[in-house]
C-alpha cells in the first residue's frame, strides 16, 4: 500500500494583524518533509503521528512531501499558500497512490480563498480524482460543503484542549485503509447551525461541549454503522461565510443514518446555544479577587490576547494591572517582543534592565489602544527557546519560542519571547527553570489549552477581560462576511 501523508495547518484569525508568511510554517524556515518529517512526527501526540503509526503497522510505503504548521495569525500569505499547496499537489501528481491522508486544521483563510482547505482538496482532486482521501480536522474548523464532497473519510478531535489529536489521526488512517481494502464503504453527512460559540466556552472540561463530544464518542462506539462522528464548534474569529458550529458523520454505506445522526447532534448543540456564551467582568475586579484567593497556584488568563487564536501576544493591560495590585510570587507567560529580548540579552544575566515592553502592534480590528509598559527588572535567564513538549497535548514535538528571556522584578517573573507560543505545556516553564507548581500566581496568555498542562495544578482560575483580537466581546468586531442571521450576533 502506497500512502501520501501531508500536513498543512493554520487557524486564521481574520481580525489579527499578525502576518503569516511562509517562514511561520517551519521552525527554522526550511521545509520539513520526507524522512525528516516522519522522524519529527513519529510517536508524537499529533494527527500526523497517528497517521504514521497506522501506516507503519500496515507496512505501507509513506511519501511525506511536507509537514507545515503555523501558529494562528492573520490570513495566510498567498505565496506561502501556493508554495505549500504546490508541494502537496505535485507529490500527488507524481505517482499513483492507494490513499492520501491529510492533517489539516479546517479554518485556513487567504486573501483569495476563505476555505483554504477546500481549495487544496479541489486541486488534489484535479490530479487524483478517484484516490481515497482521509482528513483529520481541528475542533475549531469552519466547514464548507465543497470540502466534504472531496474527501472519503473525515475525523475531528473530541477534546479541547486537544489531547486526542493522535487518536483522531489513527481513526482517519484506519478508516481510510479499510476503505481502500474494500472492508467499508464510507459516506459522509455534513450540516451546520447558525451559531458562533465563544471559544472560552468550548472546552470539553465543562458543559455544553463535554456532553456534545460524549455523544459523538457514543455514536462511534455503538456498533450501529457510524464510523466517525465529529462535532466542530468552529472558530468565530474568522469573518467568513461558514464560520461556526457544524457536524460530520461518517457511516458505512448508510447515508440516511448518517444524516439522521448529524441532525441529532446539531439539534443537541442548538438547544444548548446560550451555554456557549461568555460573560466577562471588569479587569481590576477580577485581579483583586485572584489576589485574595486562598491556595495556589492561582491561574489568571489573559485570554483576549491568546496567540493560539491569533493574538498578538504583546498586550500589557493584564500585566500592568497585576503589577498595580502588587501580586507577588507570580510568573507571566508571555510577552512577544523580540526587540525587548535583544535589549535584555545585551544587558546580560544578573544585570538590571529598564525597557519598554510590549505594545508593538496596532489593534485596528478592535480599536483597542495597545500601549507598552515600562519595566525595570533583573535579567534572570537567557534561552534559545528550544524544547520538547511533554504532553499530553502535542507530546514529543520540538518547539521554539526563539530567543527568550526571563525578567525578574522581585515580585513577578516575566517571560519575553521572540516567537509566538501559547503556554499549554509544563515544559514552557520548566525549560526556563521555573516550577509552576511552586508559584502563587500563574498569569498566562491562554484561553483553554492551558488546561492540558496545568489544569490539575490550578487551585483557582480567573478569566481576565482585557484587550486583544481574541476578545469574546463580539461587539468589538465588525463581521461583514459571515452568514446572517447567526447567534449570538442576532437574536435567534
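What follows draws every value from the coordinates through simple rules; no lab data is involved. Just so it is clear, the structure is predicted and the values come from calculations on it, not from any experiment. Virtual Cβ from ideal backbone geometry, glycine too; neighbours counted across all protein chains shown.
Of all residues in the range 215-233, those that are outside any strand (DSSP E or B), closer than 19 Å to residue 195 by Cβ and in contact with a strand residue (DSSP E or B) (Cβ under 7 Å, 6 or more places away or on another chain) total 1. For residue 47, state whether it is buried (at least 23 other Cβ atoms within 10 Å of the Cβ), touching a strand residue (DSSP E or B) at 6+ places or on another chain (Cβ under 9 Å) and more than 19 Å from residue 151 (Cα to Cα). Taking the combined requirement at face value, the residue does not satisfy it.
Looking across the range 187-198, the residues that are over 19 Å from residue 154 (Cβ atoms) and either out of contact with any helix residue (DSSP H, G or I) (no Cβ under 6 Å at 6 or more places or on another chain) or assigned to a loop (DSSP other than H, G, I, E, B) (or both) come down to 194, 196, 197, 198. Among the residues of the range 281-322, just one is at positive phi and in contact with a helix residue (DSSP H, G or I) (Cβ under 8 Å, 6 or more places away or on another chain), namely 313. Tell me, please, whether a residue that is more than 19 Å from the chain's Cα centre (by Cα), in contact (Cβ under 8 Å) with a residue 24 or more places away in the chain and closer than 26 Å to residue 492 by Cα can be found in the range 195-203. Checked the range 195-203: at least one residue is more than 19 Å from the chain's Cα centre (by Cα), in contact (Cβ under 8 Å) with a residue 24 or more places away in the chain and closer than 26 Å to residue 492 by Cα.
Conditions (1) under 21 Å from residue 215 (Cβ atoms); (2) in contact with a helix residue (DSSP H, G or I) (Cβ under 9 Å, 6 or more places away or on another chain); (3) assigned to a helix (DSSP H, G or I), marked per residue:
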{"position": "85", "(1), (2), (3)": "no, yes, yes"}
{"position": "88", "(1), (2), (3)": "no, yes, yes"}
{"position": "117", "(1), (2), (3)": "no, yes, yes"}
{"position": "123", "(1), (2), (3)": "no, yes, yes"}
{"position": "130", "(1), (2), (3)": "no, no, no"}
{"position": "155", "(1), (2), (3)": "yes, yes, no"}
{"position": "163", "(1), (2), (3)": "yes, yes, no"}
{"position": "166", "(1), (2), (3)": "no, yes, yes"}
{"position": "173", "(1), (2), (3)": "no, yes, yes"}
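For residue 55, are the conditions met, namely being buried (at least 19 other Cβ atoms within 10 Å of the Cβ) and either in a helix (DSSP H, G or I) or free of Cβ contacts under 8 Å to residues at least 60 places away in the same chain (or both)? Here the answer is yes, as residue 55 does meet what is asked. For the range 357-455, the strands (runs of 3 or more DSSP E) that sit wholly inside it and include 1 or more residues that are more than 30 Å from residue 472 (Cα to Cα) are 373-383, 386-388, 398-400, 404-408. A Cβ distance below 8 Å, combined with a sequence gap of six or more or placement on separate chains, defines the contacts here; from the range 335-361, residues that are in contact (Cβ under 8 Å) with a residue 24 or more places away in the chain reach residues that are surrounded by fewer than 15 Cβ atoms within 10 Å (Cβ to Cβ) in the pairs 352/376; 353/376; 357/374; 359/371; 360/339.
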